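The values are calculated or read from the model by the stated rules, or taken from the named source; none is laboratory data. This one's a predicted model, so the numbers in the text were calculated from it and none came from an experiment. As a convention, Cβ positions derive from the backbone with ideal geometry for all residues, glycine included, and neighbour counts pool all protein chains shown.
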């Protein structure tokens with residue numbers, strides 16, 4: 001994989017010339033997009049559920065930003081943060097997603113060199129967290145590929161769209177850059193307005209497996225940061241847990257016959273004796289930007305956040321969408337409420353009291369802290385204050401990045417999340433660190449807390 005070489009900054013005059021070139025490209029792209037919208041526009045729902053006249057699912061008409069000068073765009077610390085973020089994402093992808101490692105490497109080079117596309121991205125991204133940008137621009141490109149328009153050359157590298165070209169091909173870099181240049185108006189609107197959507201429909205194991213150790217017969221499940229709500233139906237999926245311990249018998253959870261999610265486990269653990277989950281009497285979610293999956297645009301938007309060289313993950317997502325809809329048809333609707341986390345969390349939790357007043361309640365969250373304004377710092381305080389006043393058991397299960405001082409061991413690799421349980425029961429609060437997990441749910445490294453969790457219920 002090509003490295004991001006350090007180079008000296010270009011001169012101020014060259015920066016100004018590149019900036020003017022960038023603005024000209026954007027104005028041309030905006031005019032082109034406006035013309036296409038007049039010719040091909042149609043009414044379609046946006047991720048927030050509204051409808052309006054639009055072309056190619058651009059959330060709002062593109063508006064050129066001219067307030068930032070070249071000096072502020074390139075000297076602002078945000079540019080360095082953005083470059084650092086793309087480097088980290090590339091490092092995470094190198095052994096896991098060669099295509100996205102190559103994409104992030106190329107985009108990082110644009111930022112390093114401060115060429116026209118790099119300067120455009122710095123300007124387009126300044127209203128967002130640098131953490132979001134690698135996922136947003138890659139998802140925007142994937143959306144274009146899945147849409148089947150305006151990215152035909154790039155689609156040849158995307159297996160989720162039938163592409164079979166390898167990411168080490170010499171022409172990937174110029175094809176990527178040209179695709180971005182051709183779609184700058186769309187991508188800027190995407191980066192500005194779209195929110196990163198959870199698409200790992202196998203993360204529901206995070207609440208399902210711990211429940212098998214409890215004696216509870218009926219529970220309610222609430223997903224905080226639910227996106228489309230697919231992890232609320234983990235009991236309708238299939239999970240197979242294998243182990244590196246000799247003689248360990250594979251453990252299966254779920255009601256689907258065929259294998260869907262295969263997870264490799266490291267370390268010692270004792271699977272639960274119980275086979276059937278409690279009755280799930282309540283399924284409910286909340287999200288700052290819930291996705292209703294009401295039309296082809298919603299589905300394509302959610303699918304676009306799957307890495308394009310991992311078609312098996314896309315298949316699992318599509319299965320999850322179908323299972324979710326089937327559950328809604330055969331049991332009851334699964335609402336996902338618009339809640340501005342963390343500010344509105346306390347009020348949202350209070351509304352659950354009338355809906356599910358007495359039985360144990362499971363709160364579940366997975367990889368949401370980095371997407372919250374305060375990085376999730378007040379979540380525990382809000383939930384603790386609410387749970388302490390409850391007479392029934394409240395269990396908060398998380399798979400998220402932990403604070404540095406909350407766990408003794410270090411994660412086995414970059415980006416892994418801590419699987420933890422906080423239980424409020426009989427006027428007591430108990431915490432358990434169950435395992436480290438790969439953020440895409442493919443690997444588990446058990447911690448001593450899984451044994452403590454099992455013994456708690458004996």
May I ask you to list the residues in segment 293-313 that are surrounded by fewer than 19 Cβ atoms within 10 Å (Cβ to Cβ) and under 14 Å from the mean Cα position of the chain (by Cα)?
none
Scanning segment 252-273 for residues that are in a loop (DSSP other than H, G, I, E, B), within 13 Å of residue 237 (Cα to Cα) and either in contact (Cβ under 8 Å) with a residue 40 or more places away in the chain or within 25 Å of the chain's Cα centre (by Cα) (or both) gives 256, 259, 260
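Going through segment 95-116 one residue at a time, which ones are outside any helix (DSSP H, G or I) and more than 16 Å from residue 172 (Cα to Cα)?
From segment 95-116, those outside any helix (DSSP H, G or I) are 95-97, 114-115; that's our starting set.
Across segment 95-116, the qualifying residues are 95, 96, 114, 115.
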When you check residue 119 against the structure, is it in a helix (DSSP H, G or I), touching a residue at least 60 places away in the same chain (Cβ under 8 Å) and within 25 Å of residue 193 (Cβ to Cβ), yes or no?
yes
Among the residues of segment 207-227, are any more than 22 Å from the chain's Cα centre (by Cα), touching a residue at least 40 places away in the same chain (Cβ under 8 Å) and closer than 18 Å to residue 124 by Cβ?
no
In segment 318-347, residue farthest from residue 147 (Cα to Cα) [restricted to those that are in contact with a helix residue (DSSP H, G or I) (Cβ under 6 Å, 6 or more places away or on another chain) and in contact (Cβ under 8 Å) with a residue 60 or more places away in the chain]
345
Which of the residues that make up segment 319-345 are assigned to a helix (DSSP H, G or I) and surrounded by 14 or more Cβ atoms within 10 Å (Cβ to Cβ)?
319, 320, 321, 323, 324, 327, 328, 345
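Which of the residues that make up segment 274-310 are in a loop (DSSP other than H, G, I, E, B), out of contact with any strand residue (DSSP E or B) (no Cβ under 9 Å at 6 or more places or on another chain) and more than 20 Å from residue 368 (Cβ to Cβ)? Talk me through it step by step, then tell me what you get.
So in segment 274-310, the residues in a loop (DSSP other than H, G, I, E, B) come out as 274-278, 288-295, 305-310.
Within this subset, residues satisfying the condition of being out of contact with any strand residue (DSSP E or B) (no Cβ under 9 Å at 6 or more places or on another chain) are 274, 276, 293, 305-310.
274, 276, 308, 309, 310, listed by residue number.
Going by what's in this entry, would residue 187 be described as under 26 Å from residue 370 (Cα atoms) and touching a helix residue (DSSP H, G or I) at 6+ places or on another chain (Cβ under 8 Å)?
Criteria met by residue 187.
To keep it simple, each residue is scored yes or no on (1) within 17 Å of residue 425 (Cα to Cα); (2) touching a strand residue (DSSP E or B) at 6+ places or on another chain (Cβ under 9 Å).
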position: 330; (1), (2): no, no
position: 352; (1), (2): no, yes
position: 367; (1), (2): no, yes
position: 377; (1), (2): no, no
position: 387; (1), (2): yes, yes
position: 392; (1), (2): yes, yes
position: 400; (1), (2): no, yes
position: 403; (1), (2): no, no
position: 408; (1), (2): no, yes
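Within the bounds of segment 214-222, is there any residue that is touching a helix residue (DSSP H, G or I) at 6+ places or on another chain (Cβ under 8 Å), closer than 26 Å to residue 454 by Cα and crowded, with 24+ Cβ neighbours inside 10 Å?
Within segment 214-222 (the criterion being touching a helix residue (DSSP H, G or I) at 6+ places or on another chain (Cβ under 8 Å), closer than 26 Å to residue 454 by Cα and crowded, with 24+ Cβ neighbours inside 10 Å), the answer is yes, since at least one residue qualifies.
In the set 160, 179, 192, which member is touching a residue at least 60 places away in the same chain (Cβ under 8 Å), touching a helix residue (DSSP H, G or I) at 6+ places or on another chain (Cβ under 8 Å) and under 21 Å from residue 97 (Cβ atoms)? Break it down into steps so the answer makes sense when it comes.
Working: 179 fails: touching a residue at least 60 places away in the same chain (Cβ under 8 Å); 192 fails: under 21 Å from residue 97 (Cβ atoms).
Just a single option satisfies the conditions, and that option is 160.
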May I ask you to say which residue of 146, 154, 141, 136 is part of a helix (DSSP H, G or I), out of contact with any helix residue (DSSP H, G or I) (no Cβ under 6 Å at 6 or more places or on another chain) and either at pLDDT 95 or above or crowded, with 22+ Cβ neighbours inside 10 Å (or both)?
141
Does segment 350-363 contain any residue that is in a helix (DSSP H, G or I), touching a residue at least 24 places away in the same chain (Cβ under 8 Å), under 22 Å from the mean Cα position of the chain (by Cα) and surrounded by 14 or more Cβ atoms within 10 Å (Cβ to Cβ)?
no
